[in-house]
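The values are calculated or read from the model by the stated rules, or taken from the named source; none is laboratory data. Just so it is clear, the structure is predicted and the values come from calculations on it, not from any experiment. All Cβ positions, even for glycine, are placed from backbone atoms using ideal geometry, and neighbour counts span all protein chains on display. Calculation scope for accessible area: heavy atoms of the full protein, side chains included, ligands and nucleic acids excluded. Shrake-Rupley method; radii C 1.70, N 1.55, O 1.52, S 1.80 Å.
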Amino acid sequence: MVELKRHLMLAQMALHLLADLSYTFIEKYLETITRLNKIGKKMNDINKVYEILRATLADRCSRGESVRDLHSRDSAYATPRMPDMVVFPQSEEEVCQIVKTCNEHSCPVVPFGVGSSLEGQVVPVNGGVSIDFSRMNKIISVESEDLIATVEPGVTRVQLNEYLRDQGLMFTVDPGADASIGGMCATRASGTNSVRYGTMRENVLALRVALPDGRLITTGSSAPKSASGYDLTRLFVGSEGTLGVITQIKLRLFGQPDSIRSSSCIFDEISDAVNTVILAIQSGIPIARVELLDETQMRGMNNYNKDLEFPEKPHLFLEFHGSSASTQEQIDDFKSIAEEYGAYNFDWATKTEERNRLWKARHDAYYAAKSLMPGGLSLVTDVCVPISALSASIEKTKKAIEASGLLAPIAGHVGDGNYHLMILFDGESEDGLSRAKSLASEVNEIALDFGGTVTGEHGIGSGKRSYMEREHGEAWSIMGNIKELFDPNNIMNPGKLVP
């Protein structure tokens, strides 16, 4: 009897196990079928979008592998992902049609300028349509009396400044790369001139934007200021393509200064260079540019360009704008402060070619740093802290670099608390990228601990999205609510910036 009960118990256990296995199998089977159905629906939607856009754009709608590959990456370490197609609009009307068609078929849309972003902003992580703005590159108008230029998003900053040169005007935002104006708006770019002239946030007066439902809206005006309604212009500046597609930009211009004086100077300690800048800013000296380069970055400079022969110590690169008298006054005031902190070897450049040589060296910092590890890979990151915390923040960053065992030159727009690391690593190493990311994460945490931000100009994209909740708290979820309002189908650059 006991034996019979034992067999019955085993039989019951076997039946329960079979039932559990059957349920699990059925559950997995249904999940697989659902996933395959979703994939099939997505492919059908993509094919419909392609047919509609191809009928309108002809060969300006491409599924060619080489074209798609060019739009699968930016200048960052983000994993490439090919879009399903690339379109090349030539007008606002075409942009509106593209986004409306994509919205009707739940197809992702990713705007693309020149691909110089640094946090994966233009990588189409969910496929879809990449909108290339290279053919919308007209300078629509220049209103010299009002110091305003109106441009299409594909215009680059170098193109614009070449156009303005003979009119005695300049567009001041200079992120280094010859980025598109549309991309600079989307990432809220800044750069070497921002300490005096401001970032894209301050230099964009108005926008025209194609919303996901196909509406074209205008934000802002040509007026120098406005107290009218919500500031939608600044909502879109820095939105990284997650709310709508920028189709036209109205920019603030400045007159070219009568006198431009540039210089470099040397410090034995990086903290002395930083403290010089802090005191100069606090003293109200209107520095146009002030760039910090540490000793490792200077070694890269010399390695990349053998003609430079800079001492391998921390440097400041400086520039002053104004009249001859005012720039001389600025120079004297700054030099007096710098010498208190031990600065020496002031090398003043007044001729255009001398200034260009100095700033070309600064703009080549990326390639100079990479020359320190031929064949190696790099992870570029930036943070920004309050000016008062800059020296302590950089000091902690230097200690973190030393502890990591990695090579990571520092360069920064220290006049506004923004500094960059080029973290170099061996691509053949199994843990190279993870060690680089770990160092970048530590630097982000350092900036947040000092009341700063995880990015002063590179933006968030997908690369720094994981830090947004710590930096913004509940406000990050509000950003998600705003995106849902503008983009309920989540087609605008999904997977970036917001929750």
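Values computed for the structure shown
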| item | result |
| --- | --- |
| Single match in 127, 120, 115 (criterion: in contact (Cβ under 8 Å) with a residue 40 or more places away in the chain and touching a Ser or Thr at 6+ places or on another chain (Cβ under 6 Å)) | 120 |
| Any hit, region 91-103, residues being within 30 Å of residue 381 (Cβ to Cβ), of a type in the set (A, V, I, L, M, F, W, C) and open to solvent by less than 50 Å² (accessible area, probe 1.4 Å) | no |
| Residue list for region 244-276, filter: assigned to a loop (DSSP other than H, G, I, E, B) and either open to solvent by less than 10 Å² (accessible area, probe 1.4 Å) or free of Cβ contacts under 8 Å to residues at least 60 places away in the same chain (or both) | 244, 253, 267 |
| Condition check for residue 125: in a loop (DSSP other than H, G, I, E, B), of a type outside the set (Asp, Glu), in contact with a strand residue (DSSP E or B) (Cβ under 9 Å, 6 or more places away or on another chain) and surrounded by fewer than 23 Cβ atoms within 10 Å (Cβ to Cβ) | yes |
| Qualifying position, being in a strand (DSSP E or B), among the charged types (D, E, K, R) and in contact with a helix residue (DSSP H, G or I) (Cβ under 9 Å, 6 or more places away or on another chain), among 309, 319 | 319 |
| Answer residue from region 214-228, given it is open to solvent by 70 Å² or more (accessible area, probe 1.4 Å) and part of a loop (DSSP other than H, G, I, E, B) and is nearest to residue 110 (Cα to Cα) among those | 215 |
| Strands (runs of 3 or more DSSP E) contained in region 344-454 and holding at least 1 residues open to solvent by 50 Å² or more (accessible area, probe 1.4 Å) and among the acidic types (Asp, Glu) | 344-349 |
| Qualifying positions in region 455-469 - open to solvent by 20 Å² or more (accessible area, probe 1.4 Å), farther than 14 Å from residue 420 by Cα and not in a helix (DSSP H, G or I) | 462, 463 |
| Residues of region 75-90 that turn out to be among the charged types (D, E, K, R) and surrounded by fewer than 21 Cβ atoms within 10 Å (Cβ to Cβ), as a count | 1 |
| Residue, surrounded by the fewest Cβ atoms within 10 Å (Cβ to Cβ), within region 128-158, restricted to residues that are under 19 Å from the mean Cα position of the chain (by Cα) and of a type in the set (A, V, I, L, M) | 158 |
| Residue within region 285-293 that is open to solvent by 40 Å² or more (accessible area, probe 1.4 Å) and either more than 26 Å from the chain's Cα centre (by Cα) or not β-branched (Val, Ile, Thr) (or both) present | yes |
| Residue list for region 166-190, filter: open to solvent by 30 Å² or more (accessible area, probe 1.4 Å), without any contact (Cβ under 8 Å) to a residue 40 or more places away in the chain and not polar (S, T, N, Q) | 166 |
| Residue in region 281-297 that is among the hydrophobic types (A, V, I, L, M, F, W, C), assigned to a helix (DSSP H, G or I) and closer than 18 Å to residue 341 by Cα present | yes |
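Rundown of residues vs (1) charged (D, E, K, R); (2) out of contact with any Phe, Trp or Tyr (no Cβ under 8 Å at 6 or more places or on another chain); (3) at pLDDT below 95, yes/no style:
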site	(1), (2), (3)
79	no, yes, yes
85	no, no, no
100	yes, yes, no
116	no, yes, yes
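Quick grid of which residues meet (1) among the polar types (S, T, N, Q); (2) open to solvent by 10 Å² or more (accessible area, probe 1.4 Å); (3) at pLDDT below 95:
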{"site": "304", "(1), (2), (3)": "no, yes, yes"}
{"site": "310", "(1), (2), (3)": "no, yes, yes"}
{"site": "314", "(1), (2), (3)": "no, no, no"}
{"site": "324", "(1), (2), (3)": "yes, yes, yes"}
{"site": "327", "(1), (2), (3)": "yes, no, yes"}
{"site": "337", "(1), (2), (3)": "no, yes, no"}
